[in-house]
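What follows is a set of notes on a single structure, which appears directly below.
The values are calculated or read from the model by the stated rules, or taken from the named source; none is laboratory data. This structure is a prediction, so every number in the text was calculated from the model and none was measured. Cβ sites come from the backbone with ideal geometry, for glycine too, and all protein chains shown count toward neighbours.
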Amino acid sequence: MRRPLVIGNWKMKLGLAQSLNLARDLKRRVASLHSETELMVCPSTPFLLPVMEALQGSPIGVGAQDLVSQEPGAFTGGVSAEQLREVGVSCCIIGHSERRQFFGDTDEVVAAKLRAALRVDLLPVVCFGESEETRLQGKTETFIAGQIHAALDGLDPVQVKRLVLAYEPIWAIGTGKSAMPDDAEAVHGLMRSILQESFSTETAASVRILYGGSVTPANIASYMEREDIDGALVGGASLEAESFLQIVQFR
C-alpha cells in the first residue's frame, strides 16, 4: 500500500511572521488529527530553519521548493542539495511548472536537479504537466511521456523507488480550474505505465504520484478515490491551516 502524501507548497506567498504563524497553527491543530496521511510543507528557502523549529515535535515534515544541481562551490545565490540536507529538510520540489516557465528550468536542468537530490538522499518531488494549448491539441500523453523520460532515463529502479512524482497541469495551477478526476487519473495511469515499462512492475507499484492544480477541500476526495492518485501537491489551499488540514483529512 502506498501511504497518502499531501504537500503544501507555500511558494513565495508568505513572509517570516506569516510562515511561523501558519506553522504553529498547523502544529497545534495536527496534534488532534487521526490520519494516516504523510504531511509536509515547503516554505520559502530563507524560512526553512525557523519553520522547522516551529514544527519540531510534530509529524509535519519540511521541504524545499527548489535547489541547484551543482555541488557546494562558487555559485552565488545557489542552494545545494548538501546544504538542504545539512539543515535537515525532508524533501525538495523539482521541476515545478513555475520554475520551468519563469526561471528557465529545462528538462535537462530538471534531470540534473533530480540527481542532485538523490545524491544526498533528499526525497525528490518531481513535477510534470502540460499547458492548456498542449491539452487542447490532444498531445498531453506525448508531452508528459517526454518529460518523464527526460527526467528519469538513466536511473535504476532503486533510485526511482525513492521518488515522488506529481502531475500538475499548468492550466490548473492557481487558476481555480482543476482537472476532472477521471482525466487526472488517466494521466496518473499513464505515468505509472511508463514506470512499469521503463523499470519494473514493482517499481511502478511503489512510487507515489500526486495531483496538483487548484486542489481544495471540496474536490480532494474525488481525486483520492482514484487508484493511481496517491495524494496532492497543494498551493493556495495550503496557506491556511483550516483548509490544508481539511485536505489532509480527505477521508
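Here's a check for you: in region 217-230, which residue that is out of contact with any helix residue (DSSP H, G or I) (no Cβ under 6 Å at 6 or more places or on another chain) and touching a residue at least 12 places away in the same chain (Cβ under 8 Å) is nearest to Gln65 (Cα to Cα)? The qualifying residue nearest to Gln65 (Cα to Cα) is Asp230. A single member of Gly73, Gly88 is surrounded by fewer than 18 Cβ atoms within 10 Å (Cβ to Cβ) and within 18 Å of the chain's Cα centre (by Cα), and it is Gly88.
Every residue, every condition in (1) in a loop (DSSP other than H, G, I, E, B); (2) over 27 Å from Leu33 (Cα atoms); (3) touching a Leu at 6+ places or on another chain (Cβ under 6 Å), yes or no:
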{"residue": "Ile144", "(1), (2), (3)": "no, yes, no"}
{"residue": "His149", "(1), (2), (3)": "no, yes, no"}
{"residue": "Leu165", "(1), (2), (3)": "no, no, no"}
{"residue": "Trp171", "(1), (2), (3)": "no, yes, no"}
{"residue": "Asp183", "(1), (2), (3)": "no, yes, no"}
{"residue": "Leu195", "(1), (2), (3)": "no, yes, no"}
{"residue": "Pro217", "(1), (2), (3)": "yes, no, no"}
{"residue": "Asp228", "(1), (2), (3)": "yes, no, no"}
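Contact map, region 113-133: residues that are part of a helix (DSSP H, G or I) paired with residues that are buried (at least 17 other Cβ atoms within 10 Å of the Cβ) and acidic (Asp, Glu), Cβ distance under 8 Å, separation 6+ or inter-chain. Pairs shown: Lys113/Asp66; Lys113/Asp105. For region 34-55, does any single residue satisfy the condition of being free of Cβ contacts under 8 Å to residues at least 60 places away in the same chain and of a type in the set (Val, Ile, Thr)? Yes, there is a match, as at least one residue in region 34-55 is free of Cβ contacts under 8 Å to residues at least 60 places away in the same chain and of a type in the set (Val, Ile, Thr). Within this structure, Gln83 passes the test of being over 19 Å from His96 (Cβ atoms) and in the same structural domain as Pro124 (by TED's automatic domain parsing). If a residue has to be assigned to a helix (DSSP H, G or I), of a type in the set (Asp, Glu) and without any contact (Cβ under 8 Å) to a residue 24 or more places away in the chain to count, how many in region 83-112 make the cut? Going through region 83-112 one residue at a time, the tally reaches 1. Checked against (1) free of Cβ contacts under 8 Å to residues at least 40 places away in the same chain; (2) under 17 Å from Pro4 (Cα atoms), Leu233 passes all but condition (1).
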